[in-house]
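Everything on this sheet refers to the single structure shown next.
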């Protein structure tokens, strides 16, 4: 399978009774390897082992992992869809990556006390083999993974993602501003296991059909911070009507053309008790990193330049591919996908030098910071760095030219 990992993207959340920490994290690497396989030793302290982080807060060296989205050309080839900065994540543009949230619990839940993640804690949300909407609608898990179809720079509703304007499957129409993945991790823990073999049974979603204000089930009574991530896919170059004649043209790297298989992994890696200290102190509703005095903010350039080399020797992006990386044929369902037996693709890693080329950065169709005059009326946008930043027309990986070419 194909994965994107990032050591260390709800564009706007209504500023009412939901305290949270919000931080952008740029891309660390794109390759076909699961961080659960690379970092399975629970005794490894990611914060101590890491020399840098792609996240805004220097203390966060956690691993946030998601599947990769590809565009399938009518000729059958594949091109990786790049990621871009979310709304209000500046100043500056991050190189791909995502936006990460840690929410506090809110009334009327009976337990407003959260227990921080422990060293060695890992969890997975979603099912990569899923190909239809088969979770009962009354269950909170039914809305754990959704998509937002952006039109231009409009972020849509400022309420919690997963509502009526979002879809459980890939959007069925072109999205002129890109597509955002919305992923809620479970927030209830059994209080015992840090990482069971299935990476899921030790955690659960709250009961009651909502991620906010509801209680944990008796089997998982310990309340964790609600981890939520957003990934904004730059699909603007793939909106030509000819690409949509046979339906929406996107597919996840594990061969999922439906979007129901969207999933993500989390490996905890905050330094010491820094996450707990931050959630005790940073209880505002703006999610602006600079307004959290308990943590250290680093520059976007430092974030973007924290990278590692690809360890799996195969091409995965920036060129058209004849097939998805690994043994991942398209499986549209509606039955669950199956693993391809006797896969003959490369399965070993190699040592490689660190990247020396600057990361490619996508300029999104919306501002990422408030440049005045005066104060941001919403109170949600960080201030731009003085002096006023010139408009930057940064490379978009040459997608427009590549997409119209027939590579084979």
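The values are calculated or read from the model by the stated rules, or taken from the named source; none is laboratory data. In this text, all values refer to a predicted model and were calculated from it rather than measured experimentally. Positions of Cβ are backbone-derived with ideal geometry, glycine not excepted, and every protein chain shown enters the neighbour counts.
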Open item on the list: Here's a check for you: in the stretch 145-196, which residue that is in contact with a helix residue (DSSP H, G or I) (Cβ under 9 Å, 6 or more places away or on another chain) and assigned to a strand (DSSP E or B) is nearest to residue 267 (Cα to Cα)?
Closed with: 184
Task: Only one of 371, 351 that is loosely packed, with under 12 Cβ neighbours inside 10 Å and more than 21 Å from residue 72 (Cβ to Cβ) - done: 351
TODO: Collect the residues in the stretch 91-123 that are in contact with a strand residue (DSSP E or B) (Cβ under 7 Å, 6 or more places away or on another chain) and either surrounded by 22 or more Cβ atoms within 10 Å (Cβ to Cβ) or not in a loop (DSSP other than H, G, I, E, B) (or both), keeping them in residue-number order.
DONE: 94, 96, 97, 98, 99, 100, 101, 102, 103, 105, 122, 123
Task: Among (1) part of a loop (DSSP other than H, G, I, E, B); (2) buried (at least 24 other Cβ atoms within 10 Å of the Cβ); (3) modelled with pLDDT of 95 or more, the one test that residue 10 misses - done: (3)
- [ ] Output the number of residues of the stretch 21-52 satisfying the condition of being surrounded by 15 or more Cβ atoms within 10 Å (Cβ to Cβ) and modelled with pLDDT of 85 or more.
- [x] 10
Task: Residues located in the stretch 222-248, provided they are part of a loop (DSSP other than H, G, I, E, B) and either modelled with pLDDT under 95 or out of contact with any strand residue (DSSP E or B) (no Cβ under 7 Å at 6 or more places or on another chain) (or both) - done: 239, 240, 245, 246, 247, 248
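Starting from residues that are surrounded by fewer than 21 Cβ atoms within 10 Å (Cβ to Cβ) and either at pLDDT 95 or above or in contact with a helix residue (DSSP H, G or I) (Cβ under 9 Å, 6 or more places away or on another chain) (or both), keep the ones in the stretch 274-285 and report whichever is nearest to residue 330 (Cα to Cα).
Step one: filter the stretch 274-285 for residues surrounded by fewer than 21 Cβ atoms within 10 Å (Cβ to Cβ), giving 274, 276-277, 279-281, 283-285.
With the extra rule that they be either at pLDDT 95 or above or in contact with a helix residue (DSSP H, G or I) (Cβ under 9 Å, 6 or more places away or on another chain) (or both), the set shrinks to 274, 284.
Values: 274: 42, 284: 44 Å.
The extreme case among them is 274.
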